[in-house]
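Structure first, then comments.
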Amino acid sequence: MKPVKVLRTLYVMLILSAAASSEPAKTPPPDIFLITIDTLRADHVHCYGYTGVATPALDALAKDGVRFTQAFTPSPITNTSHASILTGLLPGSHGVTDFGVPLSVSHPTVAELLKAQNYHTAAFIGAVILDSKSLAPGFDRGFDFYDNFPEHSSTKSRWGRLERRGMDVVERAEDWLSKHPAGPHFVWVHLYDPHDPYEPPMPYSQIYKDHLYDGEIAYADSALAHFIAYLKRNGKYASSVIVTVGDHGEGLGEHHEDTHGIFLYDSTTHVPLIVKLPGPRGAGTVVKAQVRTLDIMPTLLELASASAPQKKDGDSLEPYFDGKSEAARPALGETDYPLRFGWAPLRSVRSDGFKFIEAPRPELYDLPLDPAEMTNKYEPQDGRVQRSRAMLAELRSEEAQLQASSTPAQESALPDPKDKIEEENLLHAAMIAAEDNRPADARKTLEKVLTLDPKSPTALRQLGELELQAGDFVQAAHHLRAAVEVRPDDAAALFHEGQALEKTRDLGVARDALEASLKLVPGQFEARLLLGQVYLGLKDPAAAEDQFEAALLLQPGSVEAQLGLADAQITTGNFAEAAQSLQALSKGQAKNAHLFDLLAKAYSGLGKKTEAQQAATKAKLLSSNK
Ligand SMILES: [Zn+2]
């Protein structure tokens, strides 16, 4: 230990002992570790009775802690369910109902509230979908350190760009803990591995070659074991709180759902939940009462002696730890993910041995008789249906107040996701193929979707984007036009259509597509830039100038926008202004052939023959050196 550190440690000890002498002895707040394992079905964990997988780390935590056999997430998708874990709020209350939707500052997170109690906080994520700079804005609130992904990744592989292996994630967390020894700590570790595609590393890929999903679970468990071993080695295990939970399950083909997100059946909502408490408290306890992942946040705050926020949908799990309560808690489910494809969102109530699912064709299941939710017993007059509907209506009015917006009306006019699940499976497979740079597989899969639904806007758009990347601009424009006809408010599809049409030199149509896209979402820099070029091509330099100026407002330093503006100025005969800005720009752009080409034109327009000649020679030289 360095001398400075020894001094600091002594100083801290002095402060602590002074504080201790003036107050009655108080146990210091515990370190808290929240471990979320993505896509983990409760019934695929060994200590939950599944023999197809070895999960020694989870089993050991259950032995040392309280295991909840009936824990449910309110959402089957990652960002939404994690937002519920972090805020203790239902999806409709916290508002993060899709990827990229910011977690509003009006909903305090467990990290913020623990930080206010002098906790040192950090988060380590295993997937880019939880990156706070892109797809999970606001999730980093309250964390001293939030381990985002690099903004620009040179690799084409999933690893490091879209995903981190569990071992990578825990090592980063361990490294941070070693560098930040002062506690108490609140550390969130997110292990993404069991999420598809199922590609566990060796030896799990070999041992579990016929059931790779389990292989990913076994691998994630080994990463968890690494982390627990680190905590034990560093004397942090015994006194800490460790909550381990699945964010949602996985369809695995049940109800024809391959993955998760669309439905609210137990296959994707029933998750493992294990709470290890400081010391021997609760060790080996099994709680069979129904609880919710919403209850995690209030529990952690209570264990840290911090007060909970006023608005919360969950409640502390404390009453279960010492067997004081066996009361089942109603578990509500929500998924707006189907809306992304133009299908009806779903709501559910799981309570008193039944599950009610509100859908265009509603469902009711008797869970003790029918745990796989196969036989729909829905009758509108059934008391359980009516009670559930009343609960959902009350919730909806609360959430509408909270979000100052209401759920779109006429949702029941949308297709029932039950009729669309095959399409969703294919769309998901195509997305993974595109992410993994297998465009041919993606194309084939999307074409299959179009045989099921020739007007699927998602398939048409993705197919158009694939053709755009592949350089088949005519096909790209064709598919994107079809996508826009189904969904005229899709700004991204319109922008891509504009890109394709600019390439095929259908400039008038490209202009219309880009204008329409920018009318929907005005702040698109790339679209402004492209529209400027299109106007130049259409010999409308005044309109081009407007676009380049708007682009410069969005990105003031953009060289491309400045060159575009100068180009437009030259076309209108404003040589002086063009020459001036190009000269200034040339200092940092000594190798930009296009710049010197424009400069030559500007000088020539001003009658400065020598300078024009010099700039033209330089442009020629630079472009021949390319
Ligand atoms: Zn997830």
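No lab work stands behind these numbers, since they all come straight from the coordinates. Since the structure is predicted, the reported quantities are computational estimates derived from the model, not experimental observations. Backbone-built Cβ (ideal geometry, glycine too); neighbour counts: all protein chains shown.
Remark on Ala123: its backbone amide H falls under 5 Å from those of Phe145, Tyr146, Asp147, Trp188, a criterion applied only to residues 5 or more positions apart or on other chains, H modelled at 1.01 Å from N. Annotation: amide H-H contacts under 5 Å for Ile35 (H modelled 1.01 Å from N, sequence separation of 5 or more, or interchain): Val189, Val243, Thr244, Val245. Label separation (Met202 vs Ala413): 5.8 nm, computed from points 7 Å beyond Cα along the C-beta direction. FRET efficiency for the pair Lys311 and Ala542, taken as 1/(1 + (r/R0)^6) with r the Cβ-Cβ distance and R0 = 56 Å, rounds to 0.60. Charging the Cβ of each Asp and Glu at -1 and of each Lys and Arg at +1, and nothing else, the dipole of the chain about its Cα centre rounds to 2120 debye. With coordinates expressed along the principal axes, the C-alpha atoms belonging to the stretch 441-490 extend over 24, 21, 13 Å, beginning with the largest.
Report note on the peptides 48-56, 77-85, 320-328, 116-124: ranked by the mean count of other C-beta atoms within 10 Å, highest first, their order is 77-85, 116-124, 48-56, 320-328. Each 10 Å bin from zero up to the one holding the largest Cα-Cα distance in the stretch 273-430 carries the following percent of pairs: 9, 29, 32, 22, 8, 0.
Other residues within the sphere of radius under 14 Å centred on the Cβ of Gly573, judged by their own Cβ, net out at -1 (K and R +1, D and E -1). Local charge sum around Ser157 (other residues, Cβ-Cβ under 12 Å, Lys/Arg +1, Asp/Glu -1)? Charge balance in the 12 Å sphere: +1. Inter-part distance, the stretch 328-400 to the stretch 209-283, computed on C-alpha centroids, equals 26 Å. The equivalent ellipsoid that matches the C-alpha gyration tensor of the stretch 197-240 spans semi-axes of 28, 8, 6 angstrom, in descending order.
Only Cα pairs under 8 Å and 6+ residues apart enter the sum, and on that basis the relative contact order of the stretch 361-490 stands at 12 percent. Estimated purely from DSSP H runs of n ≥ 4, each contributing -39500 (n - 2.57), the mean residue ellipticity at 222 nm for the chain is -14500 deg cm²/dmol once divided by its residues.
Could you work out the relative contact order of the stretch 114-233, using alpha carbon pairs under 8 angstrom and six or more residues apart, expressed as a whole percent? Computed value for the stretch 114-233: 27 percent relative contact order.
Can you pick out the pairs among Lys133/Lys156; Lys63/Lys209; Lys418/Lys455; Lys115/Lys179 whose Cα atoms lie more than 27 Å from each other? Those over the limit are Lys63/Lys209. Our note on the geometry: Cα centres of the stretch 96-136 and the stretch 306-325, 21 Å apart. Relative contact order of the chain, taken over Cα pairs closer than 8 Å and 6 or more residues apart, is 12 percent. A crude spin-label estimate for the pair Asp366 and Ala590, with each label 7 Å from Cα along the Cβ direction, gives 8.4 nm. Beta bridges from DSSP with both residues in the chain: antiparallel share about 45 percent, rounded to the nearest 5. Fully extending the segment from Ala400 to Lys179, taken as 0.36 nm per residue of separation minus the present Cα-Cα distance, adds 75.1 nm. For Gly284, neighbours were defined as the other residues whose beta-carbon sits under 9 Å from its Cβ, and their charges (Lys and Arg +1, Asp and Glu -1) total +1.
Scanning residues 5 or more positions from Phe139 or on other chains, those with amide H under 5 Å from its amide H are Leu103, with H placed 1.01 Å from N in the peptide plane.
Shown in residue order for the stretch 32-44 are the 3J(HN,Hα) couplings computed by the Karplus curve 6.51 cos²θ - 1.76 cosθ + 1.60 at θ = phi - 60°: 10, 10, 9, 10, 9, 10, 5, 6, 10, 6, 4, 7, 10 Hz (x for Gly and Pro). Each peptide in 552-563, 589-600 receives the mean, over its residues, of other Cβ atoms within 10 Å, and ordering these scores from highest gives 589-600, 552-563.
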